[in-house]
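Notes follow the structure.
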Amino acid sequence: EMLEVALGPDHPQVALGLNNLAVLRSRLGEYDAAVRLYQRALGIDEAVYGPDHPQVATDVNNLATLFFHCGQWQLSKQLYERAVRIRAGSLGPEHPKTAAARTNLATVEEQLRLRDADADADADADSAPAGGPD
């Protein structure tokens with residue numbers, strides 16, 4: 001709040017402070033509060049820098065990571081895809097931060113594949129005939 005008073009509510013330093021506070025809230029298990037803080041920081045940075053700036057990609061990546069850890073993998077995937085697009089476009093496809101975003105995306109895609117495979121196995125088990133051999 002002190003930063004907001006000193007710099008105004010839409011200053012990039014306020015967004016950075018909100019991001020840091022979101023990390024703390026997340027580590028404390030206060031996920032709803034962390035989401036709100038990350039979203040607010042993202043809104044500030046999008047307004048200040050535009051939607052395709054590397055800082056916006058960092059904000060999007062942070063939010064995606066939180067959703068990943070909360071098991072909201074589809075939403076996490078969508079956000080990681082956005083982070084990859086922004087970083088590839090603004091930093092280049094070979095930049096280390098672009099590679100890190102691609103790794104995050106691959107991790108959530110693998111988690112979704114595992115979930116889908118488990119669901120398919122459960123469905124197969126449910127449709128198997130009951131009883132043993134004749």
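The values are calculated or read from the model by the stated rules, or taken from the named source; none is laboratory data. Here the structure is a predicted model, which means the values were calculated and not measured. Quick reminder, even Gly has a Cβ in these numbers, built from the backbone with ideal geometry, and neighbours come from all protein chains shown. Just the protein is used for accessible areas: all its heavy atoms, side chains included, with ligands, DNA and RNA removed. Shrake-Rupley method; radii C 1.70, N 1.55, O 1.52, S 1.80 Å.
Values as computed for the structure displayed
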{"quantity": "Filtered residues of the range 14-36 (kept if among the polar types (S, T, N, Q) and open to solvent by 90 Å² or more (accessible area, probe 1.4 Å))", "calculated": "20"}
{"quantity": "So residue 120, is it at pLDDT below 95, more than 22 Å from residue 10 (Cβ to Cβ) and open to solvent by 50 Å² or more (accessible area, probe 1.4 Å)", "calculated": "yes"}
{"quantity": "Filter result for residue 39 (surrounded by fewer than 19 Cβ atoms within 10 Å (Cβ to Cβ) and at pLDDT below 95)", "calculated": "no"}
{"quantity": "Matching residues in the range 38-74 - criterion: being more than 13 Å from the chain's Cα centre (by Cα) and either in contact (Cβ under 8 Å) with a residue 40 or more places away in the chain or outside any loop (DSSP other than H, G, I, E, B) (or both)", "calculated": "40, 41, 43, 44, 45, 46, 47, 48, 49, 54, 55"}
